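Data first, discussion second: the structure below is written as C-alpha coordinates.
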Amino acid sequence: MKELVAQQRHFFYSHRTKDISFRLNELKRLETVLIANMAILNQAIYNDFKKSSFENYVTEIGIILHDIKEAKSKLRYWSRKQRVKTNLGNFPAQSYLLPEPLGVTLIIGSWNYPYQLSLAPLVAAITAGNTVILKPSEISSQTSGVMATILNEAFDPSFLKVVQGGIPETTALLKEKFDKIFFTGSTAVGKIVYKAAAEHLTPVTLELGGKSPVFITKDANIRMAAKRIVWGKFLNAGQTCIAPDYIYIDAQVSEAFLKAAKIEIEKTQYAFDNNNYVQIINERNFDRLTAMLDSTKIYHGGDTDREQRYIAPTLMHNISFEDAIMQEEIFGPILPVIKYKSLDKAVKKVQLLPKPLSCYVFTSSGSIKKKLLKEISFGGGAINDTIMHISNPKLPFGGVGNSGFGRYRGEAGFAAFSNFKSILDKPTWFEAPFKYAPYTRRKLAIIKQLFKFQ
Ligand code: NAD
(Lines give C-alpha, C1' and ligand atoms only; values in the text may rest on other atoms or scores of the structure.)
Protein backbone atom coordinates (compact mmCIF):
# COMPACT_ATOMS: atom_id res chain seq x y z
CA MET A 1 0.00 0.00 0.00
CA LYS A 2 2.83 2.38 0.99
CA GLU A 3 4.60 1.81 -2.31
CA LEU A 4 1.41 2.30 -4.31
CA VAL A 5 0.61 5.58 -2.56
CA ALA A 6 4.21 6.77 -3.10
CA GLN A 7 4.03 5.79 -6.77
CA GLN A 8 0.77 7.72 -7.21
CA ARG A 9 2.16 10.76 -5.37
CA HIS A 10 5.18 10.75 -7.64
CA PHE A 11 2.87 10.61 -10.66
CA PHE A 12 0.66 13.39 -9.27
CA TYR A 13 3.68 15.67 -8.95
CA SER A 14 4.50 15.11 -12.61
CA HIS A 15 1.46 17.45 -12.96
CA ARG A 16 0.10 15.44 -15.86
CA THR A 17 -3.33 15.07 -14.26
CA LYS A 18 -3.59 18.86 -14.21
CA ASP A 19 -3.93 18.96 -18.01
CA ILE A 20 -7.53 19.04 -19.12
CA SER A 21 -6.66 16.87 -22.13
CA PHE A 22 -5.21 14.18 -19.83
CA ARG A 23 -8.42 14.09 -17.77
CA LEU A 24 -10.59 13.98 -20.89
CA ASN A 25 -8.56 11.05 -22.22
CA GLU A 26 -8.88 9.12 -18.97
CA LEU A 27 -12.64 9.76 -18.85
CA LYS A 28 -12.92 8.48 -22.42
CA ARG A 29 -10.83 5.46 -21.48
CA LEU A 30 -13.20 4.68 -18.62
CA GLU A 31 -16.23 5.09 -20.89
CA THR A 32 -14.72 2.80 -23.53
CA VAL A 33 -13.79 0.15 -20.97
CA LEU A 34 -17.30 0.12 -19.48
CA ILE A 35 -19.05 -0.07 -22.84
CA ALA A 36 -16.70 -2.77 -24.14
CA ASN A 37 -17.22 -4.90 -21.01
CA MET A 38 -20.96 -4.43 -20.58
CA ALA A 39 -21.74 -8.15 -20.85
CA ILE A 40 -19.12 -9.05 -18.23
CA LEU A 41 -20.35 -6.29 -15.92
CA ASN A 42 -23.93 -7.54 -16.29
CA GLN A 43 -22.94 -11.12 -15.56
CA ALA A 44 -20.91 -10.24 -12.46
CA ILE A 45 -23.68 -8.26 -10.81
CA TYR A 46 -26.13 -11.05 -11.63
CA ASN A 47 -23.77 -13.52 -9.98
CA ASP A 48 -23.46 -11.32 -6.89
CA PHE A 49 -27.18 -10.94 -6.19
CA LYS A 50 -29.23 -11.69 -9.31
CA LYS A 51 -29.44 -8.06 -10.33
CA SER A 52 -30.80 -7.93 -13.89
CA SER A 53 -29.13 -6.13 -16.79
CA PHE A 54 -32.19 -3.81 -16.88
CA GLU A 55 -31.59 -2.66 -13.30
CA ASN A 56 -27.84 -2.70 -13.83
CA TYR A 57 -28.22 -0.17 -16.60
CA VAL A 58 -30.91 1.99 -14.97
CA THR A 59 -29.37 2.19 -11.49
CA GLU A 60 -25.65 1.70 -12.14
CA ILE A 61 -23.95 1.80 -15.54
CA GLY A 62 -26.40 4.25 -17.16
CA ILE A 63 -25.80 6.73 -14.34
CA ILE A 64 -22.02 6.39 -14.61
CA LEU A 65 -22.05 6.79 -18.41
CA HIS A 66 -24.21 9.87 -17.98
CA ASP A 67 -21.79 11.30 -15.38
CA ILE A 68 -18.85 10.69 -17.73
CA LYS A 69 -20.67 12.42 -20.61
CA GLU A 70 -21.52 15.42 -18.43
CA ALA A 71 -17.98 15.59 -17.01
CA LYS A 72 -16.48 15.55 -20.53
CA SER A 73 -18.66 18.43 -21.66
CA LYS A 74 -18.37 20.55 -18.47
CA LEU A 75 -14.78 19.84 -17.42
CA ARG A 76 -13.31 22.98 -18.98
CA TYR A 77 -16.01 25.16 -17.48
CA TRP A 78 -15.76 23.66 -13.98
CA SER A 79 -11.95 24.02 -14.04
CA ARG A 80 -12.03 27.67 -15.09
CA LYS A 81 -10.56 30.52 -13.11
CA GLN A 82 -13.60 31.90 -11.26
CA ARG A 83 -13.41 35.66 -10.95
CA VAL A 84 -14.93 37.36 -7.92
CA LYS A 85 -15.17 41.05 -7.04
CA THR A 86 -12.18 42.79 -5.45
CA ASN A 87 -12.89 44.93 -2.40
CA LEU A 88 -11.99 48.61 -2.35
CA GLY A 89 -9.14 48.16 0.15
CA ASN A 90 -7.28 45.99 -2.37
CA PHE A 91 -7.78 48.19 -5.39
CA PRO A 92 -6.30 47.79 -7.99
CA ALA A 93 -6.24 43.96 -8.18
CA GLN A 94 -7.99 40.89 -9.53
CA SER A 95 -9.50 38.25 -7.26
CA TYR A 96 -10.28 34.76 -8.35
CA LEU A 97 -10.66 31.11 -7.33
CA LEU A 98 -8.38 28.56 -8.96
CA PRO A 99 -9.55 24.96 -8.65
CA GLU A 100 -6.75 22.43 -8.27
CA PRO A 101 -6.88 18.65 -7.73
CA LEU A 102 -6.31 17.51 -4.15
CA GLY A 103 -3.77 14.82 -5.05
CA VAL A 104 -3.75 11.12 -4.18
CA THR A 105 -7.26 10.01 -3.26
CA LEU A 106 -8.84 6.91 -1.77
CA ILE A 107 -12.39 5.84 -2.68
CA ILE A 108 -14.00 3.13 -0.56
CA GLY A 109 -17.18 1.68 -2.05
CA SER A 110 -20.21 -0.16 -0.78
CA TRP A 111 -21.75 -3.37 -2.15
CA ASN A 112 -25.39 -2.41 -2.65
CA TYR A 113 -24.86 -0.47 -5.89
CA PRO A 114 -21.37 -1.82 -6.40
CA TYR A 115 -20.61 -0.13 -9.73
CA GLN A 116 -22.32 3.18 -9.13
CA LEU A 117 -20.95 3.76 -5.63
CA SER A 118 -17.37 3.03 -6.72
CA LEU A 119 -17.36 4.50 -10.21
CA ALA A 120 -19.45 7.70 -9.76
CA PRO A 121 -16.93 9.04 -7.19
CA LEU A 122 -14.15 7.79 -9.50
CA VAL A 123 -15.54 9.91 -12.36
CA ALA A 124 -15.59 12.94 -10.05
CA ALA A 125 -12.01 12.29 -8.87
CA ILE A 126 -10.67 11.91 -12.43
CA THR A 127 -12.58 14.98 -13.61
CA ALA A 128 -10.97 17.05 -10.86
CA GLY A 129 -7.48 15.71 -11.79
CA ASN A 130 -6.64 13.37 -8.91
CA THR A 131 -4.98 9.97 -8.82
CA VAL A 132 -7.17 7.26 -7.31
CA ILE A 133 -6.90 4.09 -5.29
CA LEU A 134 -10.32 2.47 -5.47
CA LYS A 135 -11.32 -0.12 -2.85
CA PRO A 136 -14.70 -1.62 -3.77
CA SER A 137 -16.63 -3.74 -1.29
CA GLU A 138 -15.41 -7.30 -0.80
CA ILE A 139 -19.02 -8.35 -0.11
CA SER A 140 -20.02 -7.96 -3.76
CA SER A 141 -16.98 -10.01 -4.74
CA GLN A 142 -17.85 -10.66 -8.39
CA THR A 143 -18.40 -7.02 -9.32
CA SER A 144 -15.31 -5.97 -7.35
CA GLY A 145 -13.29 -8.63 -9.16
CA VAL A 146 -14.49 -7.45 -12.56
CA MET A 147 -13.77 -3.80 -11.77
CA ALA A 148 -10.27 -4.76 -10.64
CA THR A 149 -9.63 -6.83 -13.77
CA ILE A 150 -10.87 -4.38 -16.37
CA LEU A 151 -9.67 -1.15 -14.77
CA ASN A 152 -6.26 -2.41 -13.71
CA GLU A 153 -5.73 -3.66 -17.25
CA ALA A 154 -6.75 -0.36 -18.85
CA PHE A 155 -5.17 2.21 -16.51
CA ASP A 156 -1.66 3.02 -15.36
CA PRO A 157 -1.54 2.05 -11.63
CA SER A 158 0.33 5.29 -10.90
CA PHE A 159 -2.91 7.02 -11.85
CA LEU A 160 -5.69 4.56 -11.00
CA LYS A 161 -5.49 1.27 -9.16
CA VAL A 162 -8.30 -0.94 -7.90
CA VAL A 163 -7.30 -2.68 -4.67
CA GLN A 164 -9.48 -5.55 -3.57
CA GLY A 165 -9.95 -6.62 0.01
CA GLY A 166 -11.88 -6.36 3.24
CA ILE A 167 -11.13 -5.01 6.68
CA PRO A 168 -7.36 -5.85 6.84
CA GLU A 169 -6.62 -4.33 3.43
CA THR A 170 -8.77 -1.24 4.11
CA THR A 171 -7.17 -0.80 7.53
CA ALA A 172 -3.72 -0.94 5.90
CA LEU A 173 -4.79 1.61 3.28
CA LEU A 174 -6.20 3.94 5.91
CA LYS A 175 -2.78 4.11 7.63
CA GLU A 176 -1.37 5.90 4.59
CA LYS A 177 -1.62 9.63 4.01
CA PHE A 178 -4.15 10.54 1.35
CA ASP A 179 -5.20 13.97 0.15
CA LYS A 180 -8.88 12.96 0.13
CA ILE A 181 -10.90 9.97 1.28
CA PHE A 182 -14.33 9.39 -0.18
CA PHE A 183 -16.21 6.73 1.78
CA THR A 184 -19.60 5.13 1.14
CA GLY A 185 -20.93 2.73 3.74
CA SER A 186 -22.30 2.41 7.24
CA THR A 187 -22.22 5.06 9.94
CA ALA A 188 -20.18 2.72 12.19
CA VAL A 189 -17.39 2.24 9.62
CA GLY A 190 -17.68 5.93 8.66
CA LYS A 191 -16.48 6.76 12.17
CA ILE A 192 -13.44 4.45 11.76
CA VAL A 193 -12.58 6.13 8.45
CA TYR A 194 -13.04 9.60 9.92
CA LYS A 195 -10.71 8.80 12.84
CA ALA A 196 -8.04 7.37 10.52
CA ALA A 197 -8.31 10.45 8.28
CA ALA A 198 -7.93 12.75 11.29
CA GLU A 199 -4.41 11.34 11.89
CA HIS A 200 -3.29 12.97 8.63
CA LEU A 201 -5.88 15.78 8.62
CA THR A 202 -7.19 14.30 5.38
CA PRO A 203 -10.46 15.80 4.13
CA VAL A 204 -13.25 13.26 3.84
CA THR A 205 -16.64 12.85 2.25
CA LEU A 206 -18.76 10.38 4.20
CA GLU A 207 -21.76 8.94 2.36
CA LEU A 208 -23.49 7.01 5.14
CA GLY A 209 -26.94 5.61 5.85
CA GLY A 210 -29.75 5.73 8.37
CA LYS A 211 -33.50 5.31 8.67
CA SER A 212 -35.15 7.47 6.00
CA PRO A 213 -38.76 8.22 6.91
CA VAL A 214 -41.76 8.65 4.64
CA PHE A 215 -44.51 10.93 5.89
CA ILE A 216 -47.98 10.38 4.44
CA THR A 217 -50.60 12.92 5.46
CA LYS A 218 -54.33 12.39 5.27
CA ASP A 219 -54.74 14.58 2.17
CA ALA A 220 -52.09 12.63 0.16
CA ASN A 221 -52.83 10.87 -3.12
CA ILE A 222 -52.73 7.39 -1.57
CA ARG A 223 -52.74 5.38 -4.78
CA MET A 224 -49.79 7.31 -6.20
CA ALA A 225 -48.01 7.26 -2.83
CA ALA A 226 -48.31 3.45 -2.71
CA LYS A 227 -47.03 3.08 -6.28
CA ARG A 228 -43.99 5.30 -5.80
CA ILE A 229 -43.14 4.01 -2.32
CA VAL A 230 -43.42 0.34 -3.30
CA TRP A 231 -41.13 0.97 -6.26
CA GLY A 232 -38.56 2.86 -4.14
CA LYS A 233 -38.65 0.39 -1.27
CA PHE A 234 -38.39 -2.90 -3.15
CA LEU A 235 -35.96 -1.76 -5.83
CA ASN A 236 -32.74 -3.70 -5.17
CA ALA A 237 -34.79 -5.60 -2.50
CA GLY A 238 -34.64 -2.55 -0.25
CA GLN A 239 -30.84 -2.58 -0.20
CA THR A 240 -30.69 1.09 -1.09
CA CYS A 241 -29.23 3.77 1.18
CA ILE A 242 -32.07 6.18 0.31
CA ALA A 243 -34.84 3.56 0.33
CA PRO A 244 -37.91 4.52 2.35
CA ASP A 245 -37.06 2.88 5.67
CA TYR A 246 -40.44 3.26 7.38
CA ILE A 247 -43.82 4.88 6.80
CA TYR A 248 -45.12 7.43 9.25
CA ILE A 249 -48.75 7.89 8.29
CA ASP A 250 -51.90 9.66 9.46
CA ALA A 251 -53.97 6.99 11.23
CA GLN A 252 -57.03 7.93 9.14
CA VAL A 253 -55.43 6.76 5.88
CA SER A 254 -53.23 3.95 7.14
CA GLU A 255 -55.57 1.10 6.11
CA ALA A 256 -56.09 2.63 2.65
CA PHE A 257 -52.33 2.86 2.19
CA LEU A 258 -51.67 -0.74 3.27
CA LYS A 259 -54.32 -2.00 0.84
CA ALA A 260 -52.98 0.10 -2.03
CA ALA A 261 -49.37 -0.96 -1.29
CA LYS A 262 -50.36 -4.65 -1.29
CA ILE A 263 -52.03 -4.22 -4.70
CA GLU A 264 -48.91 -2.51 -6.05
CA ILE A 265 -46.65 -5.31 -4.76
CA GLU A 266 -48.84 -7.93 -6.42
CA LYS A 267 -48.95 -6.00 -9.70
CA THR A 268 -45.16 -5.69 -9.84
CA GLN A 269 -44.52 -9.47 -9.79
CA TYR A 270 -41.34 -9.41 -7.74
CA ALA A 271 -39.53 -12.67 -8.52
CA PHE A 272 -36.06 -13.88 -9.48
CA ASP A 273 -37.14 -15.85 -12.53
CA ASN A 274 -38.65 -12.80 -14.26
CA ASN A 275 -35.64 -10.63 -13.25
CA ASN A 276 -37.86 -8.21 -11.34
CA TYR A 277 -36.24 -8.81 -7.97
CA VAL A 278 -32.77 -9.20 -6.48
CA GLN A 279 -31.37 -11.43 -3.74
CA ILE A 280 -30.33 -10.39 -0.27
CA ILE A 281 -26.58 -9.94 -0.68
CA ASN A 282 -25.45 -12.64 1.80
CA GLU A 283 -26.59 -14.98 4.58
CA ARG A 284 -25.47 -12.57 7.28
CA ASN A 285 -27.83 -9.90 6.01
CA PHE A 286 -30.55 -12.48 5.39
CA ASP A 287 -30.34 -13.57 9.05
CA ARG A 288 -30.24 -9.97 10.27
CA LEU A 289 -33.38 -9.16 8.28
CA THR A 290 -35.41 -12.24 9.13
CA ALA A 291 -34.71 -11.59 12.84
CA MET A 292 -36.65 -8.32 12.40
CA LEU A 293 -39.77 -10.07 11.10
CA ASP A 294 -42.47 -10.31 13.76
CA SER A 295 -45.05 -12.76 12.36
CA THR A 296 -47.87 -11.18 14.39
CA LYS A 297 -47.31 -7.86 12.64
CA ILE A 298 -47.00 -8.94 9.01
CA TYR A 299 -49.70 -7.39 6.83
CA HIS A 300 -48.45 -8.81 3.53
CA GLY A 301 -45.50 -10.96 2.43
CA GLY A 302 -43.16 -12.46 5.01
CA ASP A 303 -42.05 -15.50 2.95
CA THR A 304 -38.35 -16.28 3.16
CA ASP A 305 -35.93 -18.82 1.68
CA ARG A 306 -32.41 -18.83 3.13
CA GLU A 307 -30.90 -21.00 0.42
CA GLN A 308 -32.11 -18.57 -2.24
CA ARG A 309 -31.48 -15.54 0.00
CA TYR A 310 -35.05 -14.53 -0.77
CA ILE A 311 -37.24 -12.32 1.38
CA ALA A 312 -40.62 -11.45 -0.16
CA PRO A 313 -41.61 -7.78 -0.29
CA THR A 314 -43.14 -7.43 3.14
CA LEU A 315 -45.47 -4.87 4.72
CA MET A 316 -45.61 -4.72 8.52
CA HIS A 317 -48.35 -2.91 10.42
CA ASN A 318 -49.25 -1.93 14.00
CA ILE A 319 -45.59 -1.01 14.44
CA SER A 320 -44.22 1.27 17.14
CA PHE A 321 -40.78 2.80 17.59
CA GLU A 322 -40.06 0.11 20.21
CA ASP A 323 -40.25 -2.78 17.71
CA ALA A 324 -37.03 -4.54 16.66
CA ILE A 325 -37.50 -3.33 13.07
CA MET A 326 -37.23 0.28 14.28
CA GLN A 327 -33.91 -0.13 16.11
CA GLU A 328 -31.58 0.00 13.08
CA GLU A 329 -31.54 0.83 9.37
CA ILE A 330 -33.50 -1.99 7.70
CA PHE A 331 -31.64 -2.16 4.37
CA GLY A 332 -33.92 -4.90 3.05
CA PRO A 333 -37.42 -5.51 1.63
CA ILE A 334 -39.43 -4.98 4.81
CA LEU A 335 -41.60 -1.88 5.14
CA PRO A 336 -42.99 -1.07 8.59
CA VAL A 337 -45.96 1.27 8.88
CA ILE A 338 -46.35 3.46 11.96
CA LYS A 339 -49.52 5.48 12.51
CA TYR A 340 -49.67 8.98 13.95
CA LYS A 341 -52.60 10.98 15.25
CA SER A 342 -50.83 14.33 15.50
CA LEU A 343 -48.44 15.43 12.77
CA ASP A 344 -46.77 17.85 15.19
CA LYS A 345 -45.94 15.00 17.56
CA ALA A 346 -44.75 12.83 14.67
CA VAL A 347 -42.39 15.57 13.52
CA LYS A 348 -41.07 16.01 17.06
CA LYS A 349 -40.38 12.26 17.28
CA VAL A 350 -38.37 12.23 14.05
CA GLN A 351 -36.45 15.33 15.16
CA LEU A 352 -35.13 13.31 18.11
CA LEU A 353 -33.77 10.52 15.88
CA PRO A 354 -30.40 10.64 14.05
CA LYS A 355 -30.60 12.87 10.98
CA PRO A 356 -31.55 10.65 8.02
CA LEU A 357 -29.99 10.54 4.57
CA SER A 358 -33.42 11.07 2.97
CA CYS A 359 -36.94 12.05 3.86
CA TYR A 360 -40.05 11.73 1.70
CA VAL A 361 -43.29 13.63 2.14
CA PHE A 362 -46.55 12.60 0.51
CA THR A 363 -49.09 15.40 0.80
CA SER A 364 -51.18 17.71 -1.33
CA SER A 365 -50.92 20.51 1.21
CA GLY A 366 -48.44 23.28 0.49
CA SER A 367 -48.28 24.32 4.13
CA ILE A 368 -47.52 20.77 5.37
CA LYS A 369 -44.82 20.42 2.74
CA LYS A 370 -43.26 23.69 3.95
CA LYS A 371 -43.57 22.67 7.60
CA LEU A 372 -41.79 19.34 7.11
CA LEU A 373 -39.06 20.80 4.89
CA LYS A 374 -38.44 23.43 7.55
CA GLU A 375 -38.62 21.29 10.68
CA ILE A 376 -36.80 18.08 9.71
CA SER A 377 -33.12 17.96 8.85
CA PHE A 378 -32.01 15.37 6.28
CA GLY A 379 -29.57 15.03 3.36
CA GLY A 380 -31.99 15.13 0.42
CA GLY A 381 -35.40 13.88 -0.51
CA ALA A 382 -38.56 14.26 -2.52
CA ILE A 383 -42.09 15.52 -2.23
CA ASN A 384 -44.62 12.97 -3.48
CA ASP A 385 -41.88 10.62 -4.70
CA THR A 386 -39.08 8.40 -3.42
CA ILE A 387 -35.43 7.95 -4.51
CA MET A 388 -35.78 9.90 -7.77
CA HIS A 389 -33.94 12.96 -6.44
CA ILE A 390 -30.75 10.96 -6.96
CA SER A 391 -31.53 10.72 -10.67
CA ASN A 392 -31.13 14.49 -11.10
CA PRO A 393 -27.37 15.15 -11.29
CA LYS A 394 -28.07 18.85 -10.69
CA LEU A 395 -29.09 17.91 -7.14
CA PRO A 396 -25.86 17.31 -5.16
CA PHE A 397 -26.12 14.04 -3.21
CA GLY A 398 -25.13 13.50 0.41
CA GLY A 399 -26.14 13.33 4.05
CA VAL A 400 -26.11 15.41 7.20
CA GLY A 401 -25.22 14.48 10.79
CA ASN A 402 -25.22 10.70 11.21
CA SER A 403 -25.94 10.16 7.52
CA GLY A 404 -22.63 11.77 6.58
CA PHE A 405 -21.31 14.98 5.08
CA GLY A 406 -20.09 16.30 1.78
CA ARG A 407 -21.89 16.24 -1.56
CA TYR A 408 -21.22 14.80 -5.02
CA ARG A 409 -22.62 14.24 -8.54
CA GLY A 410 -21.99 16.73 -11.35
CA GLU A 411 -20.27 19.95 -10.34
CA ALA A 412 -20.58 19.07 -6.62
CA GLY A 413 -18.48 15.93 -7.31
CA PHE A 414 -15.83 18.04 -9.02
CA ALA A 415 -15.82 20.36 -5.98
CA ALA A 416 -15.57 17.41 -3.55
CA PHE A 417 -12.25 16.41 -5.14
CA SER A 418 -10.88 19.94 -5.63
CA ASN A 419 -9.24 22.67 -3.62
CA PHE A 420 -10.32 26.14 -4.67
CA LYS A 421 -7.29 28.37 -4.18
CA SER A 422 -8.32 31.93 -3.32
CA ILE A 423 -6.00 34.33 -5.14
CA LEU A 424 -5.52 38.07 -4.84
CA ASP A 425 -3.51 39.13 -7.88
CA LYS A 426 -1.98 42.63 -7.59
CA PRO A 427 0.06 44.85 -9.87
CA THR A 428 2.97 46.82 -8.42
CA TRP A 429 2.36 50.26 -9.91
CA PHE A 430 0.22 51.51 -6.99
CA GLU A 431 0.17 51.06 -3.23
CA ALA A 432 -2.19 52.85 -0.82
CA PRO A 433 -0.26 54.12 2.24
CA PHE A 434 -3.06 53.77 4.86
CA LYS A 435 -2.19 50.41 6.46
CA TYR A 436 1.44 51.34 7.11
CA ALA A 437 2.89 52.93 10.26
CA PRO A 438 3.24 55.57 11.45
CA TYR A 439 -0.47 55.22 12.32
CA THR A 440 -2.43 58.45 12.30
CA ARG A 441 -6.01 59.45 13.03
CA ARG A 442 -6.48 60.40 9.38
CA LYS A 443 -5.32 56.99 8.16
CA LEU A 444 -7.70 55.29 10.59
CA ALA A 445 -10.60 57.48 9.39
CA ILE A 446 -9.89 56.47 5.77
CA ILE A 447 -9.67 52.79 6.68
CA LYS A 448 -13.02 53.05 8.50
CA GLN A 449 -14.54 54.51 5.32
CA LEU A 450 -13.00 51.68 3.25
CA PHE A 451 -14.55 49.05 5.55
CA LYS A 452 -17.94 50.72 5.08
CA PHE A 453 -17.70 50.33 1.29
CA GLN A 454 -16.24 46.78 1.26
P1 NAD B 1 -19.84 -1.07 5.45
O2 NAD B 1 -19.60 0.17 6.21
O3 NAD B 1 -19.84 -2.37 6.16
O4 NAD B 1 -18.72 -1.24 4.28
C5 NAD B 1 -18.35 -0.18 3.43
C6 NAD B 1 -16.89 -0.31 3.05
O7 NAD B 1 -16.08 -0.22 4.22
C8 NAD B 1 -16.52 -1.62 2.37
O9 NAD B 1 -15.67 -1.34 1.28
C10 NAD B 1 -15.79 -2.40 3.46
O11 NAD B 1 -14.79 -3.23 2.95
C12 NAD B 1 -15.19 -1.31 4.31
N13 NAD B 1 -15.08 -1.70 5.72
C14 NAD B 1 -15.95 -2.46 6.42
N15 NAD B 1 -15.54 -2.58 7.72
C16 NAD B 1 -14.40 -1.87 7.81
C17 NAD B 1 -13.50 -1.58 8.89
N18 NAD B 1 -13.69 -2.08 10.12
N19 NAD B 1 -12.43 -0.81 8.63
C20 NAD B 1 -12.22 -0.30 7.39
N21 NAD B 1 -13.05 -0.54 6.35
C22 NAD B 1 -14.10 -1.31 6.54
O23 NAD B 1 -21.19 -0.81 4.68
P24 NAD B 1 -21.97 -1.72 3.63
O25 NAD B 1 -22.50 -2.93 4.32
O26 NAD B 1 -21.13 -1.93 2.42
O27 NAD B 1 -23.17 -0.77 3.21
C28 NAD B 1 -24.31 -0.59 3.97
C29 NAD B 1 -24.39 0.80 4.57
O30 NAD B 1 -23.92 1.77 3.67
C31 NAD B 1 -25.80 1.18 4.90
O32 NAD B 1 -25.80 1.88 6.14
C33 NAD B 1 -26.18 2.13 3.79
O34 NAD B 1 -27.19 3.04 4.10
C35 NAD B 1 -24.88 2.81 3.53
N36 NAD B 1 -24.83 3.34 2.17
C37 NAD B 1 -24.80 4.68 2.00
C38 NAD B 1 -24.79 5.20 0.72
C39 NAD B 1 -24.76 6.67 0.45
O40 NAD B 1 -24.55 7.02 -0.70
N41 NAD B 1 -24.93 7.52 1.43
C42 NAD B 1 -24.83 4.33 -0.36
C43 NAD B 1 -24.86 2.96 -0.12
C44 NAD B 1 -24.85 2.47 1.15
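Quick notes on this structure:
- Protection-proxy order for peptides 268-275, 130-137, each taking the mean of Cβ atoms within 10 Å per residue, highest first: 130-137, 268-275
- The long axis of helix 343-352 is offset from the longest Cα principal axis of the chain by roughly 60 degrees.
- Accessible area per residue in Å² at 1.4 Å probe, computed on the chain: 46 Å²
- Rounded percent of accessible protein surface that carbon and sulfur make up, segment 163-203, 1.4 Å probe: 66 percent
- For the listed peptides 212-220, 49-57, a ranking on the average number of other beta carbons within 10 Å per residue, highest first, reads 212-220, 49-57.
- As a fraction of the 1.4 Å probe accessible area of segment 68-119, surface on carbon and sulfur atoms comes out at 53 percent.
- For segment 346-454, the Cα-based Rg and Dmax, in that order, read 24.1, 68 Å.
- Across all Cα atoms of segment 213-398, the radius of gyration (one decimal) and Dmax (whole number) stand at 15.6, 49 Å.
- Ranking L293, Q279, S320 by Cα position along the charge dipole of segment 275-326, where only Lys, Arg, Asp and Glu carry charges on their C-beta atoms, puts Q279 farthest toward the positive end.
- Projected onto their three principal axes, the Cα atoms of the chain cover extents of 83, 55, 37 Å, largest first.
- Here the accessible area of segment 213-398 is 50 percent carbon and sulfur, with a 1.4 angstrom probe and all protein chains present.
- Reciprocal mean inverse distance between Cα atoms of segment 12-57 - Kirkwood radius, Å: 12.5 Å
- Report summary: the helix-based calculation at 222 nm, which adds -39500 (n - 2.57) for every DSSP H run with n ≥ 4 and divides by the residues of the chain, gives -12500 deg cm²/dmol.
- Using the alpha carbons alone, the radius of gyration of segment 81-215 stands to its Kirkwood radius in an Rg to Rh ratio of 1.09.
- Per-peptide packing, taken as the mean over residues of other Cβ atoms within 10 Å, places 410-420, 372-382 in the sequence 410-420, 372-382 from highest down.
- Cα-centre dipole for segment 93-198 with unit charges at Cβ (Lys and Arg positive, Asp and Glu negative), debye to 20: 320 debye
- Candidate lysines for bridging to K50, where Cα separation is under 19 Å - those fewer than 8 sequence places away on the same chain excluded: K233
- Ordering V361, V347, L335 by the projection of their Cα atoms onto the charge dipole of segment 329-374, which places +1 on the Cβ of Lys and Arg and -1 on the Cβ of Asp and Glu, puts V347 at the extreme positive end.
The values are calculated or read from the model by the stated rules, or taken from the named source; none is laboratory data. Just so it is clear, the model here is predicted, and its values are computed rather than measured. Methodologically, a virtual Cβ is constructed for each residue, glycine included, from the backbone with ideal geometry; neighbour enumeration extends over all protein chains shown. Accessible surface areas use protein heavy atoms only, side chains included; no ligands, DNA or RNA. Shrake-Rupley method; radii C 1.70, N 1.55, O 1.52, S 1.80 Å.
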